[in-house]
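The values are calculated or read from the model by the stated rules, or taken from the named source; none is laboratory data. Not measured: the values here are computed from a predicted model. Heavy atoms of the whole protein, side chains included, go into the accessibility calculation; ligands, DNA and RNA do not. Shrake-Rupley method; radii C 1.70, N 1.55, O 1.52, S 1.80 Å.
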Amino acid sequence: MEAHDIIIRPIITEKTMDGNAQKKYTFEVEKRSTKIDIKRAVEAAFGVKVSKVNTLHVRGRLRRQGRWQGYTKSWKKAVVTLTEDSKTIEFFESMI
C-alpha cells in the first residue's frame, strides 16, 4: 500500500492541536494498517522522522434518526510522535 492509502485524514480538534507543541500529530488511518506501516507512510508523505506511533480503535456510536437507529462506522486513530531533530509537519502549522 502507498502512503496515501494508509493515511486517510488528519484529525483536527482542540485536543489534538495542543499536542503539536510536543510534535504529536493525530491521523485517521486504514483499519488494517500496523504501527510500522503508519510510521513508513508518515515518513514518506511528509518527509519527517517518526519516533513512535500509538494506535487505538474508535468504535462506532449509536445514532438515531427518528425511529430508525444505526451505528456510525468504526475507525482507527494513530498518534504519531516525531523525533526532536525532525522538522514539523507544515500542514498542521497553518492551522494554528
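Under a 5 Å amide H cut-off, with hydrogens placed 1.01 Å from N, Ile11 pairs with Thr26, Phe27, Glu28 among residues at least 5 apart or on other chains.
Rg and Dmax of the chain, based on Cα coordinates, read 15.0, 54 Å.
Would you work out what percent of the accessible area of the chain, with all protein chains in place, is carbon or sulfur (probe 1.4 Å)? Don't skip to the end; give the middle numbers.
Working: 3410 of 6870 Å².
C and S fraction of accessible area: 50 percent.
The GNM of the chain, with springs linking C-alpha atoms under 10 angstrom apart, assigns the highest mean-square fluctuation among Ser51, Ser74, Ser33 to Ser74. Solvent-accessible area per residue in the chain equals 72 Å², computed with a 1.4 angstrom probe and all protein chains kept. Axis angle, to the nearest 10 degrees, between helix 35-46 and the longest C-alpha principal axis of the chain: 60 degrees.
When the helices in the chain are scored as -39500 (n - 2.57) per DSSP H run of 4 or longer and the sum is shared across all residues, what 222 nm value do you end up with, to the nearest 500 deg cm²/dmol?
Values: 4 runs with 25 residues, N = 96.
Mean residue ellipticity, 222 nm, calculated: -6000 deg cm²/dmol.
Could you rank Tyr25, Tyr71 by how accessible they are, 1.4 Å probe, largest area first?
Numbers: Tyr25 0, Tyr71 170 Å².
Heavy-atom accessible area, descending, gives Tyr71, Tyr25.
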